[in-house]
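The values are calculated or read from the model by the stated rules, or taken from the named source; none is laboratory data. Since the structure is predicted, the reported quantities are computational estimates derived from the model, not experimental observations. Here Cβ is always computed from backbone atoms with ideal geometry, including for glycine, and neighbour counts include all displayed protein chains. Heavy atoms of the whole protein, side chains included, go into the accessibility calculation; ligands, DNA and RNA do not. Shrake-Rupley method; radii C 1.70, N 1.55, O 1.52, S 1.80 Å.
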Amino acid sequence: MRAISIIFLILSLSSCKNEERFDIKRYVLNPSDSDIECLNDVERANKDIENGKIVFTYPCHMFDCVLRQEKYVIDLCKKYNIHFEYELFSDIIIEGQTPGCYGAIMDNYINKKFGKNFKSKILKEADSILLASNDTIIYYKCDKRPQILGKDNYETTFVAELSEKLNEHIKPNKEGLPFMDIGFYIDKSGKASGFFLNYFMEADESNHKFKDELFKIGVEQLKEIKYWEAGEVSGQKVNTENNIRVYFRYKTNEGSH
């Protein structure tokens, strides 16, 4: 019984901590004296505001963090004399130190000056401009990713069968046969075009000389998919740049892939 009570207490404390982090806009009004990261961010944000620099921040975690409608957000912010910046967040969590305080101070100021939902309105308007512009959007920035008809939204693999010639020459490693990432474009109607190689994992170095042939096989078999489900943003179909990982397998007597 005592063990259950301790577990409940731990879960409760964890829940309280998450709630505090979630309500960061209130926390920055009176951050802990030991929260140096937050205190420094608060000081920097307040100093920027005093100097007339107002910043629309957007969280940026590892790897690609660019908004699909970034250029339109920047243009809209300029109308209000607001800067646009990504706020970097590290995957390394330091106990007692709170990231995101700079953006929270800026959000509090923006909410007071322009209204509580100002940032969400800007993002929505920027998306509307994006849709009207007919831009090509990278697949993972879509609300609904482009996909093979009937497949899952996050199904990004395809199996291609080797030719009889390559059947005799392609060597596996302990992980299997080589694979490659093939990029291409999908228009609003679901038609694919413009295939290009993004990455090649040769498995065995002897397979490197067959890279072009493997790419050709991958493209030929991908082209057998006449139409794809187009990517969507805000419920509307968009042009996308897609990427799919093509795994190769030895040709079988059945000849199917």
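General observations
- Number of the condition not met by Y102 [criteria: (1) among the aromatic types (F, W, Y); (2) at pLDDT 95 or above; (3) open to solvent by 90 Å² or more (accessible area, probe 1.4 Å)]: (3)
- The sole residue among K113, K124 that is under 30 Å from V238 (Cα atoms), open to solvent by 90 Å² or more (accessible area, probe 1.4 Å) and charged (D, E, K, R) is K124.
- Every condition in (1) at pLDDT below 95; (2) farther than 27 Å from I54 by Cβ; (3) touching a Phe, Trp or Tyr at 6+ places or on another chain (Cβ under 9 Å) holds for S133 except the one numbered (2).
- Within segment 51-66, tally of residues that are under 11 Å from Y109 (Cβ atoms) and open to solvent by 30 Å² or more (accessible area, probe 1.4 Å): 1
- Scan of segment 205-234 for residues that are open to solvent by 50 Å² or more (accessible area, probe 1.4 Å), of a type outside the set (G, A, S) and assigned to a loop (DSSP other than H, G, I, E, B), ordered by number: K223, E224, K226, Y227
- Unmet criterion (only one of (1) part of a helix (DSSP H, G or I); (2) at pLDDT 95 or above; (3) under 31 Å from the mean Cα position of the chain (by Cα)) for E20: (2)
- The lone criterion from (1) surrounded by fewer than 12 Cβ atoms within 10 Å (Cβ to Cβ); (2) modelled with pLDDT under 95 left unmet by Q97 is number (1).
- Among all positions in segment 195-216, there is no residue which is within 28 Å of D127 (Cβ to Cβ) and aliphatic (A, V, I, L, M).
- If you go through segment 210-244 and keep only what is at pLDDT 95 or above and basic (K, R), you end up with K211, K216, K223, K237.
- When every residue of segment 237-247 is checked against the conditions, none turns out to be surrounded by fewer than 13 Cβ atoms within 10 Å (Cβ to Cβ), over 30 Å from K124 (Cα atoms) and either in contact with a His (Cβ under 9 Å, 6 or more places away or on another chain) or not aromatic (F, W, Y) (or both).
- Any hit, segment 45-59, residues being under 29 Å from V238 (Cα atoms) and at pLDDT below 95: yes
- Among the residues examined, D187 qualifies as among the acidic types (D, E), open to solvent by 40 Å² or more (accessible area, probe 1.4 Å) and more than 30 Å from V55 (Cα to Cα).
- Here the helices (runs of 4 or more DSSP H) wholly within segment 57-165 that include at least 2 residues being farther than 30 Å from R26 by Cβ are 70-79, 118-133.
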